[in-house]
2 protein chains.
Amino acid sequence: MENKGLLFVVSAPAGCGKDTILGEFFKRTDTAGYAVSATTRAMREGETDGVHYHFLSVDDFKKKIANGEVLEYTEYCGNFYGTLKKSVDDLLEQGKDAVLKIEVEGAMNIRKKFADACLVFILPPSLEVLENRLRGRGTETEEKILERTAQAKTELKFAENYDYLIVNDDLNEAVEDLLAVFRAEKLRKPRREGILKSIEGEES
Amino acid sequence: MENKGLLFVVSAPAGCGKDTILGEFFKRTDTAGYAVSATTRAMREGETDGVHYHFLSVDDFKKKIANGEVLEYTEYCGNFYGTLKKSVDDLLEQGKDAVLKIEVEGAMNIRKKFADACLVFILPPSLEVLENRLRGRGTETEEKILERTAQAKTELKFAENYDYLIVNDDLNEAVEDLLAVFRAEKLRKPRREGILKSIEGEES
């Protein structure tokens, strides 16, 4: 009972290092698994079905929504993005924590459906640092950089609704923070209802 | 602001390995300090004033209570045991977390005074294991062992009021649990009110 996996959501504005942190996080833990999202957008070069996304046709995606197989989804630039119930259930049934990497609106939908889910938001040290990081990549136009910084500012307003806030100033520290959150969250009293009974119960 | 230390309380029934866990914990962290308790009981062989306890006369202890210098205290077997405000304040002012090792009633008193304090309870894997551990020490009479097990059972009822429950089944795991709790607790949203403002504020 105490070993049942939990549902964790990790969100962050673009440029906050979410993918790098999660990549490192999964190297250092064997109690959590990544619940791969589904999308109807076209597969890009270097992407693998079932690893980066579950790539579905619009028809299939809609069918899964109708069948209640999609936990949450959003439409963005004409494509669907969502979380398949099966991706999460498979992990939880293995006793693993399921990690969803989704944006703020999806996270709020998960919160509504699963009051029990634990929401983690990764923050940049400052909006200025974020802007400089995006600029430093050298892959985006100035317009895109300003657009992304503005979007980050909007997304930050949702951080209020998360359970944990981690600042990605130093990668290793941020990964250690995330590991600690996963470990400690499972020790919190509301998650341990069964343990006191089991301790007393084992007395014969 | 985010670096301000927190007040942590660690409680456990006798025989749960609280001292061993805390000893190991302090070896592995430099962000927390032990807030030494005060007592009016006589110093025992091997004890050092200011390390194991602050040893005070009854008059001094009562004076400190009257002056509001004692955060919480209890009387046990004719002696006073309590927490000096200064012990805690000194640590918090250094930006360290202050760790109080106190029994359940003292912990509930701390909770009443400091809603913000974080309470950690260390549990035995089962009452049976606890009883066997106490017996294994070979230092206590059978009567004392049964008395202690009964007391543990009473103390376990207070675990309900703690924030985190850690089971000491494996020493290293229990220490890692405690380290994770200290780390994660500071990342929890209610403790991070200032951070969102500072992130936006740094934008110029």
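The values are calculated or read from the model by the stated rules, or taken from the named source; none is laboratory data. From a predicted model like this one, the values you see are computed outputs, not experimental measurements. Every residue, glycine as well, gets a Cβ built from its backbone with ideal geometry; the counts of neighbours run over all protein chains shown. Note: areas computed on protein heavy atoms with side chains; ligands, DNA, RNA excluded. Shrake-Rupley method; radii C 1.70, N 1.55, O 1.52, S 1.80 Å.
Assorted remarks:
- The Cα-based radius of gyration and maximum Cα-Cα distance (Dmax) for the protein assembly as shown are 25.0, 82 Å.
- Computed over protein heavy atoms with a 1.4 angstrom probe, the accessible surface ordering of A:140, B:147, largest first, is B:147, A:140.
- Rounded accessible area of residue A:93 (nearest 10 Å², 1.4 Å probe): 150 Å²
- Ranked from largest, the principal axis spans of the Cα set of the range A:14-117 equal 38, 34, 23 Å.
- Farthest positive-ward along the range A:77-204 dipole, Cα basis, beta-carbon charges - from A:98, A:178, A:138: A:98
- Between the range A:103-129 and the range A:139-204, the alpha-carbon centres lie 8 Å apart.
- Our summary gives the range A:1-70 a relative contact order of 20 percent, counting only alpha carbon pairs under 8 angstrom and 6 or more residues apart.
- Averaging 1/r across all pairs of distinct Cα atoms in the range B:44-174 and inverting the result yields a Kirkwood radius of 17.0 Å.
- For the range B:1-123, the relative contact order is 45 percent, taking Cα pairs closer than 8 Å that sit 6 or more residues apart in sequence and dividing their mean separation by the residue count.
- Across all Cα pairs in the range A:73-118, the calculated P(r) in 10 Å bins from zero up to the longest distance comes to 24, 54, 19, 2 percent per bin.
- Segment residue B:105-residue B:66, extension gain: residue separation times 0.36 nm, minus the distance between their alpha carbons: 12.0 nm
- Accessible surface area normalised per residue over the protein assembly as shown is 50 Å², counting heavy atoms of protein chains with a 1.4 Å rolling probe.
- Buried area at the B:A interface is about 3400 square angstrom, summed over both chains, from accessible surfaces computed with a 1.4 angstrom probe.
- Exposure of residue A:55 as accessible area (Å², to 10), given a probe of 1.4 Å and all protein chains: 40 Å²
- Per-atom-type breakdown for the range B:106-156 gives carbon and sulfur 51% of the accessible area (1.4 Å probe, protein chains only).
- Listed pairs A:101/A:157; B:63/B:86; B:112/B:153; B:62/B:96 exceeding 26 Å between Cα atoms: B:62/B:96
- Distances between copies at residue B:114, taken between label points 7 Å from Cα along the C-beta direction, are 3.5 nm in increasing order.
- For residue A:145, solvent-accessible area (1.4 Å; no DNA, RNA or ligand), Å²: 0 Å²
- Two-site label geometry, residue A:74 and residue B:51: point separation in nm, points 7 Å out along Cα→Cβ: 5.7 nm
- In this structure the amide hydrogen of residue A:32, modeled in the peptide plane, comes within under 5 Å of the amide hydrogens of A:97, none closer than 5 places in sequence on its chain.
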